[in-house]
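Take a look at the structure set out below.
The values are calculated or read from the model by the stated rules, or taken from the named source; none is laboratory data. None of the values given here were measured: they were computed from a predicted structure. As a convention, Cβ positions derive from the backbone with ideal geometry for all residues, glycine included, and neighbour counts pool all protein chains shown.
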Amino acid sequence: MWAIDGTHVPANVPVEIQEKFRGRKEGTTQNILAAITFDLKFIYALAGWEGSAHDSRVLGDALSRPSGLKIPEGIYKVCIICNKHIKCLIR
């Protein structure tokens with residue numbers, strides 16, 4: 001079993017693209033998605049998305065890449081919970 005989560009880290013970007021990298025809080029950020037096992041070993045990371053990108057877009061990108069995130073056998077749902085909405089991807 002494993003877990004997926006996203007985080008925002010500060011990012012220094014050129015002035016002309018700073019607006020795309022503005023997250024919900026102050027400053028410019030980069031949205032990073034990571035998957036870890038329950039013994040805290042990283043099995044996947046995707047960095048580079050602008051801070052304004054929604055977590056579901058980042059996850060969709062990770063799942064669609066040829067060498068991207070693969071849901072292991074026996075995992076039936078991946079759910080994204082944000083605010084009051086839950087979006088589940090059936091596998």
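Can you find even one residue in the range 51-67 that is at positive phi and modelled with pLDDT of 60 or more?
no
Restricting to the range 1-46, count the residues that are aromatic (Phe, Trp, Tyr), touching a Ser or Thr at 6+ places or on another chain (Cβ under 8 Å) and under 30 Å from Glu73 (Cβ atoms).
So the answer is 1.
With a cut-off of at least 2 residues that are loosely packed, with under 15 Cβ neighbours inside 10 Å and more than 10 Å from the chain's Cα centre (by Cα), name the strands (runs of 3 or more DSSP E) lying wholly within the range 1-73.
Answer list for the range 1-73: 2-10, 42-50.
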